[in-house]
């Protein structure tokens with residue numbers, strides 16, 4: 001098939017398109033695609049009665065799979081076990097629920113194909129919906145973006161691998177965020193590395209940009225889900241050791257259930273001021289980042305944490321865990337702007353052994369004290385300096401690499 005200037009792309013996401021990293025990635029693919037004159041159509045999951053308003057695609061070009069509905073009586077299964085909205089967990093779905101999940105998505109995707117006649121399918125996550133799409137539509141060229149949470153589900157849900165692996169291997173090209181992620185896809189799914197394109201990730205450079213910082217107090221910021229896998233409970237416990245520091249902690253993002261409750265309870269006991277901001281729009285988060293001195297992301301499992309680029313572009317110093325994705329983004333940044341925390345071997349893919357928790361809290365508190373001291377003594381990153389570091393990560397650049405993968409799939 002020849003690559004048409006009026007390319008018709010069917011985008012598929014199994015969860016909400018207005019939350020989490022994969023949703024924002026999808027939205028930027030839609031924006032970049034539309035800017036180049038391509039035609040887009042979206043199939044995605046949403047809660048019944050809560051259809052998101054997206055500025056990147058018209059509602060009549062969307063086909064929604066409704067959860068908490070007569071057809072699917074359970075909440076959206078999250079690619080992470082803790083989502084920023086009410087969700088269910090793949091590992092806990094019954095066989096009847098899994099079958100209903102597949103049946104409804106299959107019907108919606110078939111309807112989208114009949115209505116839209118796509119030239120190519122761009123799905124997200126190497127998981128159930130991608131596998132069933134490849135199975136029912138073997139003749140439509142297809143690419144799939146990996147977001148790392150799918151790899152985590154693959155590791156955790158051994159009983160679901162047989163539903164996934166065979167048809168995911170049949171996707172023509174896989175789009176990875178990083179070199180490390182590419183290696184994991186190759187190892188877990190046995191997909192040849194020659195069929196994996198590293199496209200990276202981007203951020204909105206018009207929204208996230210440098211701002212001057214007030215001298216005191218030093219503002220600490222975390223942005224993401226209130227979950228243990230993101231290390232929020234670890235951060236809050238470490239903050240118990242920050243007595244005497246003139247700092248204020250900001251938490252941007254939301255969570256649900258036990259883990260969010262624990263985070264709030266830990267915050268209530270801290271001596272330092274803590275402010276929960278809830279879910280923020282991108283401009284609201286950018287404004288908060290411009291006031292923050294130090295951005296902290298103490299996560300245990302992630303692909304390419306683009307929020308680190310957003311924070312750096314806003315002039316924040318960074319404290320984060322020493323994971324491959326972090327190094328791929330920030331490995332060349334000056335050591336007085338970024339501090340990496342080494343992790344011990346983990347008990348699960350995203351949780352430390354209980355015996356290591358106290359030492360981790362101490363290490364994180366030490367890193368915060370060090371960065372606070374630097375914030376008082378040495379200049380913060382300037383707009384020019386952070387602009388040079390973050391320039392390669394525009395969404396235009398990412399979509400150019402995605403388009404190159406489309407061309408490989410569509411060439412006659």
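Just so you know, all these numbers are worked out from the coordinates, no wet-lab data involved. Treat the numbers as computed from the prediction; the structure is a model and nothing was measured. In this analysis, Cβ positions are derived from the backbone assuming ideal geometry, glycine residues included, and neighbour counts consider all displayed protein chains.
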**Asked** Do you know the relative contact order of the range 218-392, to the nearest whole percent, from alpha carbon pairs under 8 angstrom that are 6+ apart?
**Response** 24 percent
**Message:** Can I get the semi-axes of the range 24-120's equivalent ellipsoid? Compute them from the C-alpha gyration tensor as square roots of 5 times the eigenvalues, in angstrom, largest first.
**Reply:** 26, 16, 12
**Item:** P(r) tail fraction, the range 218-392 - alpha-carbon pairs more than 23 Å apart, %
**Value:** 35 percent
**Item:** Label-to-label distance, nm, for residues given as residue 275 and residue 61 (7 Å Cα→Cβ offset)
**Value:** 3.8 nm
**Prompt:** Can you tell me the Rg and the Dmax, both Å, for the Cα atoms in the chain?
**Reply:** 21.3, 67
**Item:** Gaussian network model of the chain, springs between alpha carbon atoms under 10 Å - residue of 398, 333, 143 with greatest fluctuation
**Value:** 333
**Request:** Quick one: angle between helix 179-189 and the longest Cα principal axis of the chain, in degrees between 0 and 90, rounded to 10, please.
**Result:** 50 degrees
**Complete:** Relative contact order in percent for the chain (Cα pairs under 8 Å, 6+ apart) equals 15 percent
**Request:** Taking only Cα atoms and a 10 Å spring cutoff, compute GNM fluctuations for the chain and point out the largest among 42, 137, 312.
**Result:** 137
**Request:** Based on other C-beta atoms within 10 Å, arrange 85, 222 from fewest to most.
**Result:** 85, 222
**Request:** When a/c is below 1.5 the answer is rounded, else prolate if a/b is larger than b/c, else oblate, so apply that to the range 336-412 with a ≥ b ≥ c taken from the square roots of the Cα gyration tensor eigenvalues.
**Result:** oblate
**Asked** Quick one, what does Rg over Rh come out to for the range 201-310 if you take C-alpha atoms and the Kirkwood Rh?
**Response** 0.95
**Complete:** Here the percent of antiparallel bridges among DSSP beta bridges lying wholly in the range 218-392, to the nearest 5, is 15 percent
**Asked** In deg cm²/dmol and to the nearest 500, what is the mean residue ellipticity at 222 nm of the chain if only DSSP H runs of at least 4 residues count, each as -39500 (n - 2.57), divided by the residue total?
**Response** -12000 deg cm²/dmol
**Asked** Which one of 91, 227, 80 has the biggest mean-square fluctuation once the chain is modelled by GNM with Cα springs under 10 Å?
**Response** 91
**Request:** May I ask you to compute the full-extension gain from residue 48 to residue 366, defined as 0.36 nm times their residue separation minus their alpha-carbon distance, rounded to one decimal in nm?
**Result:** 109.9 nm
**Message:** Please arrange 24, 340 by how many other C-beta atoms lie within 10 Å of their C-beta, fewest to most.
**Reply:** 340, 24
**Item:** Calculated FRET value between residue 384 and residue 96, using beta carbons and R₀ = 45 Å, to 0.05
**Value:** 0.20
**Share, in percent, of DSSP beta bridges within the chain that are antiparallel, nearest 5** = 5 percent
**Item:** Prolate/oblate/rounded label for the range 89-129 (Cα gyration tensor, a/c 1.5)
**Value:** oblate
